[in-house]
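Please read the structure below before turning to the comments.
The values are calculated or read from the model by the stated rules, or taken from the named source; none is laboratory data. These figures come from a predicted structure and were not determined experimentally. As a convention, Cβ positions derive from the backbone with ideal geometry for all residues, glycine included, and neighbour counts pool all protein chains shown. Quick note on the areas: whole protein, heavy atoms, side chains included, nothing else; ligands and nucleic acids left out. Shrake-Rupley method; radii C 1.70, N 1.55, O 1.52, S 1.80 Å.
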Amino acid sequence: MQLLWRLVLEGAGMQVFSAKTERDALDQAAAHRPDVILLDLKLQGGSGWDVLDALNKDPSLAEVPVIVLTGSADAPSDERMGRATYLAKPVKNKDLLEAVRAVQASGDAPAER
């Protein structure tokens, strides 16, 4: 899915950085300080939850909006999510693009879709 989402976002003129592991995700976020972070909860060798916790604890990244992508039918708890919002997988390309554009336009995470 990562490649498909990358193609969709790049096709819309967005610059995309990707990571497959927890460490790489945090390194990419620190290096590029993106406008929005799309975070799948399943990562190679780690958990998206751990990445989200680390982002929320890092003063330089805590304000970067995060859209969590989850295959769970249940909404993640507000306590665990913090400022992040989520999109339930499978995510339609149109919904992904709308969510990212909403974050870019407002600087805040979009409502759940």
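Would you confirm, using the coordinates I've provided, whether Leu97 is at pLDDT 90 or above and surrounded by 12 or more Cβ atoms within 10 Å (Cβ to Cβ)? Criteria met by Leu97.
Scanning the stretch 26-77 for residues that are in a helix (DSSP H, G or I) and in contact with a helix residue (DSSP H, G or I) (Cβ under 6 Å, 6 or more places away or on another chain), which turns out most open to solvent (accessible area, probe 1.4 Å)? Taking the candidates together, the pick is Asp50.
Checking each residue in the stretch 1-25 for being open to solvent by 80 Å² or more (accessible area, probe 1.4 Å), assigned to a helix (DSSP H, G or I) and either small (Gly, Ala, Ser) or touching a residue at least 12 places away in the same chain (Cβ under 8 Å) (or both) picks out only Arg23.
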